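The values are calculated or read from the model by the stated rules, or taken from the named source; none is laboratory data. Worth saying up front: this structure is predicted, and the values here are computed from it rather than measured. Glycine also receives a Cβ, built like all others from the backbone with ideal geometry; neighbour counts cover every protein chain displayed. All accessible areas refer to the heavy atoms of the entire protein, side chains included, with ligands and DNA or RNA removed. Shrake-Rupley method; radii C 1.70, N 1.55, O 1.52, S 1.80 Å.
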Amino acid sequence: MLTVLLCLLAAGARAQTGDIAKNRAIAQNLVIRAQKEPDSKKRIALYTEAAKYNPRLEIIFINRGVAYSELRQWDKAVADCGSALALNPENATALNNRGYYYQWLGKWKESKADLDAVVALNDDFHHPYCNLMNYWWGHRRDKRRALHNLDLCLKNGSAEVLRLKRLVYDPNEDGHFLQGLNETPEFKAIIARY
């Protein structure tokens, strides 16, 4: 009788392991489809479906947060970064993105805490410096620190210099936070250097 019970338990464990692998594969396929989808709302739906199959995959929540941010749904974007951070509190991308989304909500203290945490984790990652530039100018009007972070951002993110150069003047992107600073000779000199 004990042998039969142990065999049944082992068979159940094998079936459960197979289900987990199957669910992970389904989630991964949904993530790949979502990454190719240009429509933010459709991406959100695909990531939401993927989360049902593998709620422990951080990239689902990070990427869905990005899709929410494209729709200017900042609270939902922040919540998704929080979900990714619940899975991995040291996820630099989730911390950086949440710090940026907090800026759009006017939650500057929370933004600064997240961005400082990213720099502490990886000071070569250029995104937090771009967002700290927004913080120092958009919230504090500290020109020296804003320009210093612009320089660090461009120095560490050379692959994205052209994209960044466009964003710092776009009023719907980082330019929203940098109005006034992005017209100064000092700002233009740093931009021209890269």
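Observations on the model:
- Hits in the stretch 71-85 - residues which are closer than 11 Å to Leu57 by Cα and surrounded by fewer than 19 Cβ atoms within 10 Å (Cβ to Cβ): Ser83
- If you filter the stretch 98-110 down to residues that are hydrophobic (A, V, I, L, M, F, W, C) and more than 23 Å from Lys165 (Cα to Cα), you find that the one that is most open to solvent (accessible area, probe 1.4 Å) is Leu105.
- Cβ separations smaller than 9 Å between residues 6+ apart or across chains give the following pairs from the stretch 15-37 residues that are closer than 12 Å to Ile60 by Cα and open to solvent by less than 80 Å² (accessible area, probe 1.4 Å) to residues that are of a type in the set (Phe, Trp, Tyr) and modelled with pLDDT of 95 or more: Ala27/Tyr53; Leu30/Tyr47; Leu30/Tyr53; Val31/Tyr47; Ala34/Tyr47.
- For the stretch 157-194, the set of residues classified as among the aromatic types (Phe, Trp, Tyr), under 24 Å from the mean Cα position of the chain (by Cα) and in a loop (DSSP other than H, G, I, E, B) consists of Tyr169 only.
- If the condition is being surrounded by 16 or more Cβ atoms within 10 Å (Cβ to Cβ), in a helix (DSSP H, G or I) and not hydrophobic (A, V, I, L, M, F, W, C), then the stretch 111-131 contributes Ser111, Lys112, Asp114, His127, Pro128, Tyr129, Asn131.
- Summed over the stretch 132-144, residues that are assigned to a helix (DSSP H, G or I), farther than 18 Å from Ala117 by Cα and either of a type in the set (A, V, I, L, M) or touching a Leu at 6+ places or on another chain (Cβ under 9 Å) (or both) total 3.
- Hits in the stretch 49-83 (condition: under 12 Å from Gln28 (Cα atoms) and assigned to a helix (DSSP H, G or I)): Glu49, Ala50, Ala51, Lys52, Tyr53, Glu58, Ile59, Ile60
- The stretch 157-194: number of residues that are touching a residue at least 24 places away in the same chain (Cβ under 8 Å) and closer than 12 Å to Leu147 by Cβ: 8
- No other residue among Leu152, Leu147, Leu95 is in a helix (DSSP H, G or I), of a type in the set (A, V, I, L, M, F, W, C), at pLDDT below 95 and open to solvent by 10 Å² or more (accessible area, probe 1.4 Å) apart from Leu152.
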